[in-house]
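Below is one structure, written out as structure tokens, with a few remarks after it.
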Amino acid sequence: MRDQLLGRPISDLDLATDARPAEIRRRVARWADSVWRVGEKYGTIGVAKEEAKAEITTFRADRYDGVSRKPRVSFGSDIREDLERRDFTINAMAHDAHTGQLLDLFDGRRDLDEGLVRFVGDPGQRIAEDPLRMLRAVRFCSQLGFELDPEGSVAIASSAEELTRISRERVRDELDLVLLSPRAAEGLRLLIDLGLAAHVLPELLKLHFPQPARYRLKDVLDHTLDTVSFAPADKTMRYAALLHDVAKPETFSADDSGIHFYQHEEIGAQRSRAILARLRQPTAFIEEVAHLVRHHLRVPSYRAEWSDAAVRRLVYDLGDHLEQALVLADADVRASDPRNYPEFARRVAELRSRIAALGEVAELARLRPLLDGDEVMTLLGICPGPKVGEVLRFLLDQQIEGAITTREQATEAIRQRFGGC
């Protein structure tokens, strides 16, 4: 109902009825193309017909015990009782499919018009029933560009610690939606202002930190939020933008030459892994984000004086994430000092041209030493050990730089460098 009134695209339908789940299944069995019962114990039956999908839920009058966020499900026969248990007024409206009448018991239509996220009834009670609703409030604000009702803000700020009752997976899912929203930076700022970030991403609170003199227009937190805003609405890119400077507080140093954050990209990759693991993100995703964080300074450091070998090394190190690294660097620099951006954009355009001229991007991403460990040991007459790894690293370095392209060249280079038969 909410999205329909806002004129937003509707992908799935949410329907409510006084029929019990078994009755719903019986009625749709022959009509629907498919039926799923994952939420049946909570009264929900899913159906699909051609391109349309819908979830049909029996009216509910749930009760909470104040300890678990899981309700004691009670089926009802009155839509009004069902709407009373909803979280926000904008989600507590119903359209009668038979009469066309809008049932709006809590002025949700008015709140839509005013751009307001407001709890149904007492905010404290709604939060006590399910503390995740605090994150959902932030999420709707960032997705819709709405403001949070002042009474709800006070209730959330006083209840923020209740988030510890919520599983990390549910917290993760809401944070993902905030980050992918059109106003992700505003959503993150709201998490901080309401005290929720302390229980979701406490690392953000440490980013009120000065930047080097040339970037004094904003502190590290402001810069981070702006980087998120400039990054495309892709989960990997938004998390990489969010975490790219996460290690600056612990790598801070200052001397006569200014403020420094030595090795913050390396340590930041480690911290990113820990944060994302805490949020129960998938392992492959964690490594992807950590890789981008570790290398986020590489593209901005490019200069025209770089040799072709240095460009090849960059392409190899970034691998399949080359384009993502270029886009992240663009967001990072745009979020720094805008006066520097035109010159950076010129350099990146030149870098892209040089990478295209190499014509080896895919090959470099998959590059492996031309000889394997057994061949190295035979060639040098050595046993397994650290020396084999040293030789293979040398060989790979030479291949990346383009100095070696054949097995014969590889054999000769190893003989000259390390001796052997």
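Only the coordinates and a few stated rules stand behind these numbers; no lab work does. Since the structure is predicted, the reported quantities are computational estimates derived from the model, not experimental observations. Cβ: placed from backbone, ideal geometry, glycine included. Neighbour counts: every protein chain shown.
The table below lists the values:
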{"read-out": "Extension gain from Ser167 to Arg352, taking 0.36 nm per residue of separation minus the Cα-Cα distance", "value": "62.3 nm"}
{"read-out": "HN-Hα J in Hz across the stretch 15-32 - Karplus 6.51, -1.76, 1.60, θ = phi - 60°, x for Gly and Pro", "value": "10, 10, 8, 7, 5, 7, x, 4, 5, 4, 4, 4, 6, 9, 4, 7, 8, 6"}
{"read-out": "Extension gain (nm, one decimal) between Glu375 and Thr405, 0.36 nm per residue minus Cα-Cα", "value": "9.1 nm"}
{"read-out": "Under 5 Å, built H, 5+ apart or other chain: amide partners of Phe88", "value": "Val120"}
{"read-out": "Peptide ranges 322-334, 25-37 listed from the most packed, as the mean C-beta count within 10 angstrom indicates", "value": "322-334, 25-37"}
{"read-out": "In degrees, nearest ten, helix 322-334 long axis to first principal axis of the chain (Cα)", "value": "70 degrees"}
{"read-out": "For Glu147, residues with placed amide H under 5 Å, excluding near neighbours", "value": "Leu116, Val117"}
{"read-out": "Residues Arg368 and Glu390, FRET efficiency given R0 of 22 Å [Cβ-Cβ distance, rounded to 0.05]", "value": "0.85"}
{"read-out": "Listed residue (Phe285, Ser229, His244) projecting farthest to the positive dipole end of the stretch 204-365, Cβ model", "value": "Ser229"}
{"read-out": "Which of Phe344, Phe209 has the fewest Cβ neighbours within 10 Å, and the rest in rising order", "value": "Phe209, Phe344"}
{"read-out": "FRET efficiency, Ser77 to Arg37 (Cβ-Cβ, R0 22 Å, nearest 0.05)", "value": "0.50"}
{"read-out": "Amide H within-cut-off set for Ala16, under 5 Å, with H built and near neighbours excluded", "value": "Thr57"}
{"read-out": "Helix 264-278 vs. the chain, principal-axis angle (Cα, 0 to 90°, nearest 10)", "value": "40 degrees"}
{"read-out": "Principal-axis tilt of helix 220-230 within the chain, Cα atoms, nearest 10 degrees", "value": "80 degrees"}
{"read-out": "Cβ-defined net charge surrounding Arg417, 13 Å radius [Lys, Arg +1; Asp, Glu -1]", "value": "0"}
{"read-out": "Förster-model FRET efficiency, 51 Å R0, Arg109 and Gln270, C-beta, rounded to 0.05", "value": "0.55"}
{"read-out": "DSSP-assigned coil residues among GluC sites (Glu not before Pro) in the stretch 389-421, each with at most 15 further Cβ atoms within 10 Å", "value": "Glu401"}
{"read-out": "Inter-probe distance in nm under a simple model that places probes 7 Å from Cα toward Cβ, at Thr251 and Arg415", "value": "4.4 nm"}
{"read-out": "Lysine pair number, Cα distance threshold 24 Å (strictly under), the chain, separation 8 or more or different chains", "value": "8"}
{"read-out": "J(HN,Hα) series, the stretch 152-157, from Karplus relation 6.51 cos²θ - 1.76 cosθ + 1.60, nearest Hz, glycine and proline x", "value": "x, 4, 4, 5, 5, 4"}
{"read-out": "Loop GluC sites (Glu not before Pro), the stretch 225-317, which have at most 10 other Cβ atoms in a 10 Å radius of their Cβ (DSSP)", "value": "Glu305"}
{"read-out": "Sorted by Cβ density within 10 Å, fewest first, the residues Leu179, Leu292", "value": "Leu179, Leu292"}
{"read-out": "Gain upon complete extension [Arg303, His98; 0.36 nm per residue less C-alpha separation]", "value": "67.1 nm"}
{"read-out": "Size of electric dipole in the chain: Cβ of Lys, Arg +1 and of Asp, Glu -1, about Cα centre, debye, nearest 20", "value": "620 debye"}
{"read-out": "Counting DSSP beta bridges with both ends in the chain, the antiparallel % (nearest 5)", "value": "70 percent"}
{"read-out": "Peptide ranges 139-151, 373-385 listed from the most packed, as the mean C-beta count within 10 angstrom indicates", "value": "139-151, 373-385"}
{"read-out": "Charge dipole (debye, nearest 20) of the stretch 373-418; +1 at Cβ of Lys and Arg, -1 at Cβ of Asp and Glu", "value": "120 debye"}
{"read-out": "Vicinal HN-Hα couplings computed from phi for the stretch 289-304 (Karplus, 6.51 cos²θ - 1.76 cosθ + 1.60; Hz; Gly/Pro x)", "value": "5, 4, 4, 5, 5, 4, 9, 5, 8, 5, 5, x, 7, 4, 9, 4"}
